[in-house]
Amino acid sequence: MFRLPSPLERLDDERLAGLRVFVKRDDLIHPDFPGNKWRKLKYNLPPARSTVLTFGGAYSSHLRATAAAGRHFGFKTVGVVRGEERLPLNPVLSAAVADGMALTYVSRSTYRLGASPGLLSDLTARYGDFHLIPEGGANDAGRRGCAELVDEIDEPFDVICCSVGTGTTLAGIAGRLKPSQRAIGYAAIKGHRPHPDVEPGFHFGGYAKRTAELDAFIADFRERHGITLDWVYEAKMMYGIVAQAGRFPPGATLIAVIA
Ligand SMILES: *Cc1c(COP(=O)(O)O)cnc(C)c1O
């Protein structure tokens with residue numbers, strides 16, 4: 001069962017006093033589609049019985065979600081994984097395989113070249129024709145799915161915040177705002193290229209890196225609000241929002257997307 005629209009919940013946090021804050025609970029959309037991954041897949045899904053091929057790292061939620069979509073909607077899935085095979089499979093890849101995904105591995109250097117003609121013809125020889133979804137669902141269809149998150153919000157708001165991996169979610173949201181509204185992304189990766197809408201200072205060492213300070217923030221947030229923030233993305237955003245609460249205009253209504 002998909003929980004859409006995802007719930008919008010008021011967040012009362014004394015550290016954000018003077019702001020009206022809501023959390024958009026995209027983390028509750030569906031247990032098989034962590035975070036925003038359902039939104040990014042929705043318009044990328046092929047007809048039933050075809051094959052989808054996509055890319056990701058060994059801990060990619062996008063691979064996991066694509067495999068789940070294949071099982072739910074009846075198409076085949078192939079995951080091209082960055083790096084060497086490690087056995088036993090980690091929980092993310094085991095779940096993908098349990099959902100019927102075929103995995104194939106490419107070296108980091110090949111992976112970096114992306115969907116090159118050589119790699120694509122190799123993969124076609126092996127798996128037949130397929131429908132290609134880029135890593136992270138980062139394309140127009142992915143952005144279109146994420147834009148729907150904005151349409152679901154029935155409170156007038158001034159600022160909407162989300163975390164940034166590929167930036168697909170931020171781009172989808174930003175494209176749907178009124179001129180008076182603003183989107184702010186919090187980079188979960190180190191070295192995000194400078195962008196007026198992206199706050200680069202809260203990556204805590206880089207993608208999938210964590211610190212004791214971030215862990216303490218997560219534990220405290222759970223205690224205060226009963227919400228367990230995902231440490232790869234959402235905790236970094238929320239930490240940034242709290243740390244820089246003063247950047248928001250007093251009295252503003254803020255939406256924090258917890259994907
Ligand atoms: C994948 C993911 C993101 C990153 O989204 P992008 O569109 O790639 O920027 C953020 N939060 C969660 C929980 C995710 O799973």
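Rule-based calculations on the coordinates, nothing more; no lab input. Note that the structure is a prediction, hence the values are computed from the model and not measured. All Cβ positions, even for glycine, are placed from backbone atoms using ideal geometry, and neighbour counts span all protein chains on display.
Arranged from fewest to most other beta-carbon atoms within 10 Å of their beta carbon, Met1, Met238, Met101 become Met1, Met101, Met238.
Annotation for segment 80-161: trypsin sites (Lys or Arg not before Pro) lying in DSSP loop with at most 13 further Cβ atoms inside 10 Å of their Cβ are Arg86.
Each stretch of four or more DSSP H residues adds -39500 (n - 2.57); spread over every residue of the chain, this sum gives -9500 deg cm²/dmol at 222 nm. One decimal place: the segment Glu84-Leu8 gains 23.3 nm when fully extended, by the rule 0.36 nm per residue minus the C-alpha distance. In terms of surrounding Cβ atoms within a 10 Å radius of their Cβ, Arg49, Arg39, Arg20 rank from fewest to most as Arg49, Arg20, Arg39. Counting other Cβ atoms within 10 Å as a rough exposure proxy, the listed residues His72, His62, His203 run His72, His203, His62 from fewest neighbours to most.
Computing FRET efficiency as 1/(1 + (r/R0)^6) for Ala243 and Asp154, where r is the C-beta to C-beta distance and R0 is 35 Å, gives about 0.75.
Once you mark the GluC sites (Glu not before Pro) that are in a DSSP loop and have at most 14 other Cβ atoms within 10 Å, what is the longest gap between them in the chain? Looking at the chain, 153-259 is the longest stretch - no exposed GluC sites (Glu not before Pro) with at most 14 other Cβ atoms within 10 Å. Computing FRET efficiency as 1/(1 + (r/R0)^6) for Asp215 and Asp129, where r is the C-beta to C-beta distance and R0 is 45 Å, gives about 0.50.
Taking the Cα centre of the chain as reference, the dipole from Cβ charges on Lys and Arg (+1) and Asp and Glu (-1) amounts to some 580 debye. Local charge sum around Gly185 (other residues, Cβ-Cβ under 10 Å, Lys/Arg +1, Asp/Glu -1)? Taking every Cβ under 10 Å from that of Gly185, the sum is -2. Residue separation of His225 and Phe73 scaled by 0.36 nm, minus their Cα-Cα distance, works out to 51.2 nm of gained length.
Pairwise Cα distances in the chain exceed 27 Å in 38 percent of cases. With the cut-off at 22 Å, tell me which of the pairs Lys42/Lys209; Lys24/Lys178; Lys209/Lys236 have Cα atoms farther apart than that. Beyond 22 Å: Lys42/Lys209. Summary value for segment 1-87: 23 percent relative contact order, contacts being C-alpha pairs under 8 angstrom separated by 6+ residues.
Each part gets one Cα centre, and for segment 198-232 versus segment 1-74 those centres are 19 Å apart.
Electrostatic tally near Ala243: other residues with Cβ closer than 14 Å to its Cβ, Lys and Arg +1, Asp and Glu -1, net -1.
Between Asp122 and His195, what FRET efficiency comes out of the Förster formula 1/(1 + (r/R0)^6) with R0 = 45 Å and r the beta carbon distance, rounded to 0.05? Computed FRET efficiency for His195 and Asp122 comes out at 0.80. As a length-normalised measure over Cα pairs under 8 Å and 6 or more apart, the relative contact order of the chain settles at 22 percent. With respect to the chain, whose longest principal axis is taken over its alpha-carbon atoms, helix 61-73 is tilted by about 70°.
When the charge dipole of the chain is built from unit charges on Cβ atoms (+1 for Lys and Arg, -1 for Asp and Glu) and taken about the Cα centre, the candidate among Leu103, Phe33, Met238 whose Cα reaches farthest toward its positive end is Leu103. Show me, bin by bin at 5 Å from 0, the whole-percent P(r) of segment 79-164 based on Cα pairs. Per 5 Å bin, starting at zero, the Cα-Cα P(r) for segment 79-164 comes out as 3, 9, 17, 17, 17, 13, 9, 7, 5, 3, 0 percent. Of all beta bridges that DSSP places with both ends in the chain, some 10 percent have antiparallel geometry.
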